[in-house]
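For reference, the structure is listed below as structure tokens.
The values are calculated or read from the model by the stated rules, or taken from the named source; none is laboratory data. These figures come from a predicted structure and were not determined experimentally. Neighbour counts are summed over all protein chains in view; Cβ atoms, including those assigned to glycine, are modelled from backbone coordinates with ideal geometry.
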Amino acid sequence: MTQMTFARAINAGLRKSLENDPKVILMGEDIGALGGVFRVTDGLQKDFGKHRVVDTPLAESGIMGTAVGLAYRGYRPVVEIQFDGFIYPAFDQIVSQVAKMHYRTQGAVKMPITIRVPFGGGIGSPEHHSESPEAYFTHTSGLRVVSVSNPQDAHTMIQQAIASDDPVLYFEPKRRYHDKGEVDESLDLGAALSLERARVVTEGKDVTLLAYGPLVKTAKDAALAAADEGISIEVIDLRSLAPLDFATLEASVRKTGRLVITHEASQTGGLGAEVAASITERCFYHLEAAPVRVTGFDVPYPYSKVEMHHLPSLDRILDGVDRALGRPNSLSGLEG
Amino acid sequence: MFTDDAGKGGIAAGGPGNSAESNRRTGGDLVQLITPGGERVSHPEFDPWVRDVNDEQLGALYEDMVVIRRIDAEATALQRQGELALWPPLLGQEASQIGSARALRDDDFVFPSYRDNGVAYCRGVRPEAIVKAWRGNALAGWDPFTVNVATQQIIIGAQTLHATGYAMGIQNDGADSVAVAYFGDGATSEGDVNEALVFAASFQAPVVFICQNNHWAISEPVRLQSHIQIADRAAGFGIPSMRVDGNDVLAVMAATRIATNRARHGGGPTFIEAVTYRMGPHTTADDPTRYRDANELEDWAAKDPIARLKSLLERKGLLTEALETAVAAKADAVAKALRAGTINMPEPQPLDIFKHVYSTPHAPLERQQDHYSRYLASFGDPAEAASEEGAR
Ligand SMILES: Cc1ncc(C[n+]2csc(CCOP(=O)(O)OP(=O)(O)O)c2C)c(N)n1
């Protein structure tokens, strides 16, 4: 076990993948000498060379499209998108090519591409640097989408993503990059929790609280705060956003009868909507109350001085928990 | 595939156009009207376009450059003091920005990137408006239509398409104004920029593309973006180009006047590569020592755009004490106003995040706003609740 920051844990995972498989190639803007703008690829070009850790021209569609070609040729590209808001120039290649190639060729062509996306807000950045675009990708069949919430998962899941023969979007919560945690670097990938599984972070019996990425920490803090008031929250880290691990979710909701889901992304058409609808279908008779969403608002990501109002906070999550429990809350007395 | 020497032959750090490396390239010579030593050299094609620049105007260009360097330094200091979240310095690019922006007419329309703060200043944007977005108090600090400057673009290259579309509109309207796009050398790799060049050429739109080749895209040298001189790329799209010394305010001004004149008279788009150098970090969050050789910086310091104009003024006997005093006073005043304007900027309010998402009412969003205001009210004093909220 080693204490490591989140960023370092991903770096160590990338290093292992580069060591273990000569077909793994890292590509992205500024990932070489600079080590990426978040230093996640720090030192890798120095150790593996410019052929394996490639500083690309400034062109996201170019990066993604050439990754498709490399995958055709048997490589396993790991692409870094510098910031969430810069994934859109690559969107066409991801949804029209990366996602559909296996289906189109009836399995003949695999796209083992990992797309690393530092995402989410809370770091006081300018426009286009704090977005949560995950729902665009969970909506696209053929892609796997994961988000990590702690250094150990970051370390293991990056290796699992790279090893996967499917394309994986790997969302890194950038405001947690400097958080430290224990990492067992020797953990066997086969023995580790599968990339598709959610994890029960904190057990509880009154409410199920679902989170992923940056908000898992906030959700855990909320559970602690609620415990002081005698409310027992079960926190689940989704880990995999597509596919969703309904077995774990259903088991929890059947137990608690109440569901709150939180994410930074805007509410409409967000992952919370999918979870709420699916769980309602699957667990209707076990639910004591309608599922509650605590999310970012349906506004463009706001300027940094007011971003904390957009981001779900501990108190806003607790208010959502109160709603699920029918306790007094900010909307008490309102209908609908 | 990814050969280590793939990029060899980029514009060498030795200087624009004067290294053996770049002499091997195709493309026009680097146009220079003022040498790094401050000597006015003649250029038969470009001279006529700045012949009207009299002594007084030379002094004014000098003042502009000193003032924007001062704005830049003051903003950097404000960032270090925690008053701005981030700042992208333009240090070294003063001549590119002032020379081009002062060549434009008020009714021309500019589409800049995040680093073109000197351009914004020339167009009349108040300095505290320039820093407003970097402070995190707004997404954009000014109304584009009051100064004919679009908001500063962060998505690399996107604005080149906007400028082209605006130019198509000018063309349809039968007007003789011009749209101008500013972008960096790295931007020329983006699909958007290439598509903008296609559209501009196809429709012969009155648009001027001003690429400030400052040699670096964050940590990536220009040779990684282009195997030929940036200006030469335009030819492939059927767009005439010029390659000028971007640290020479007169050369940039002449080139911009040539290009805007062509556009105004139905001659279509022009591409200008202003060869300059980013002397500071990419932004205040960057560490150039990780990727950049200190000697390179030294070489470029010797070509400083302000020092160069200053020497020219000196040679011409124009660098009077009166001018120096006036310029220093102006820079002081602007810096002071910038600092006061920044520190006293009104704080945005929580519910401001819901404003202007749509131009007409949007029921689900109004409901979210209502719910959030009830939530804030549930804490009693909303201002207090707001300050307790946070990205925990
Ligand atoms: C689409 C997109 N990709 C990546 C970035 C991140 N980024 C910001 S500035 C920059 C370098 C731009 O270099 P260049 O175009 O040469 O302009 P300069 O900063 O040198 O003025 C990068 C990669 C971005 N803003 N937009």
Quiz item: So A:ALA324 fits all but one of (1) buried (at least 17 other Cβ atoms within 10 Å of the Cβ); (2) within 14 Å of chain B (Cβ to nearest Cβ); what number is the exception?
Solution: (2)
Quiz prompt | Pairs with Cβ under 8 Å, 6+ apart, first in segment B:281-303 and at the interface with another protein chain (Cβ under 10 Å from one of its Cβ atoms) and surrounded by fewer than 18 Cβ atoms within 10 Å (Cβ to Cβ), second assigned to a helix (DSSP H, G or I) and β-branched (Val, Ile, Thr) | solution = none
Quiz prompt | Extreme residue, surrounded by the most Cβ atoms within 10 Å (Cβ to Cβ), among residues of segment B:46-89 that are assigned to a loop (DSSP other than H, G, I, E, B) and free of Cβ contacts under 8 Å to residues at least 60 places away in the same chain | solution = B:ALA85
Exercise. Please determine, by comparing only the residues of segment B:312-322 that are in a helix (DSSP H, G or I) and in contact with an Asp or Glu (Cβ under 8 Å, 6 or more places away or on another chain), which one is farthest from B:VAL131 (Cα to Cα).
Key: B:ARG315
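Given A:LEU287, A:LEU331, A:LEU318, which one is closer than 26 Å to A:GLY230 by Cβ, out of contact with any strand residue (DSSP E or B) (no Cβ under 6 Å at 6 or more places or on another chain) and at the interface with chain B (Cβ under 7 Å from one of its Cβ atoms)?
After applying the criteria, what remains is A:LEU331.
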Practice problem: Could you tell me which residue of segment B:122-169 is surrounded by the fewest Cβ atoms within 10 Å (Cβ to Cβ), considering only residues that are within 14 Å of chain A (Cβ to nearest Cβ) and of a type in the set (Ser, Thr, Tyr)? | Solution: B:THR151
Quiz prompt | Index of the failed condition, B:GLY380 passing every other in (1) at pLDDT 95 or above; (2) assigned to a loop (DSSP other than H, G, I, E, B); (3) more than 8 Å from every other protein chain (Cβ to nearest Cβ) | solution = (1)
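Take the conditions more than 16 Å from the chain's Cα centre (by Cα) and under 19 Å from B:THR164 (Cα atoms) and apply them to B:PRO240. Does it pass?
yes
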Practice problem: Could you identify the single residue in A:THR256, A:THR268, A:THR280 that is of a type in the set (Val, Ile, Thr), away from every other protein chain (no Cβ under 14 Å) and surrounded by fewer than 21 Cβ atoms within 10 Å (Cβ to Cβ)? | Solution: A:THR280
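Name the helices (runs of 4 or more DSSP H) wholly inside segment B:144-226 in which the number of residues that are farther than 24 Å from B:ASP245 by Cα is 3 or more.
Result: B:144-147, B:158-173, B:191-203.
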Practice problem: Working only within segment A:251-308, note down all residues that are under 21 Å from the mean Cα position of the chain (by Cα) and among the hydroxyl-bearing types (Ser, Thr, Tyr). | Solution: A:SER252, A:THR262, A:SER266, A:THR268, A:SER278, A:THR295, A:TYR301
Quiz item: Among B:VAL207, B:VAL198, which is on the phi < 0 side of the Ramachandran plot, β-branched (Val, Ile, Thr) and in contact with a helix residue (DSSP H, G or I) (Cβ under 8 Å, 6 or more places away or on another chain)?
Solution: B:VAL207
Quiz item: Does A:SER141 fit the bill of being of a type in the set (S, T, N, Q), under 17 Å from A:GLU264 (Cβ atoms) and either within 16 Å of the ligand (Cβ to nearest atom) or away from chain B (no Cβ under 14 Å) (or both)?
Solution: no
Quiz item: Pairs, please: C-beta under 8 Å, at least 6 apart or cross-chain, first residue near the ligand (Cβ under 6 Å from one of its atoms) and in segment B:184-195, second assigned to a helix (DSSP H, G or I)?
Solution: B:ASP185/B:VAL222; B:ASP185/B:GLN225; B:ASP185/B:ILE230; B:GLY186/B:VAL222; B:GLY186/B:GLN225; B:ALA187/B:THR160; B:ALA187/B:VAL193
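Only one residue in B:PHE209, B:PHE199 is crowded, with 24+ Cβ neighbours inside 10 Å and aromatic (Phe, Trp, Tyr). Which one?
Working: B:PHE199 fails: crowded, with 24+ Cβ neighbours inside 10 Å.
On inspection, the qualifying residue turns out to be B:PHE209.
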Practice problem: Looking at (1) buried (at least 24 other Cβ atoms within 10 Å of the Cβ); (2) more than 14 Å from chain B (Cβ to nearest Cβ), find the lone condition where A:ALA219 falls short. | Solution: (2)
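Could you tell me how many of the residues in segment B:241-273 are part of a strand (DSSP E or B) and over 13 Å from B:LEU33 (Cβ atoms)?
The initial filter retains those residues of segment B:241-273 that are part of a strand (DSSP E or B), namely B:241-245, B:270-273.
Filter again for over 13 Å from B:LEU33 (Cβ atoms), leaving B:241, B:243, B:270-273.
The qualifying residues number 6.
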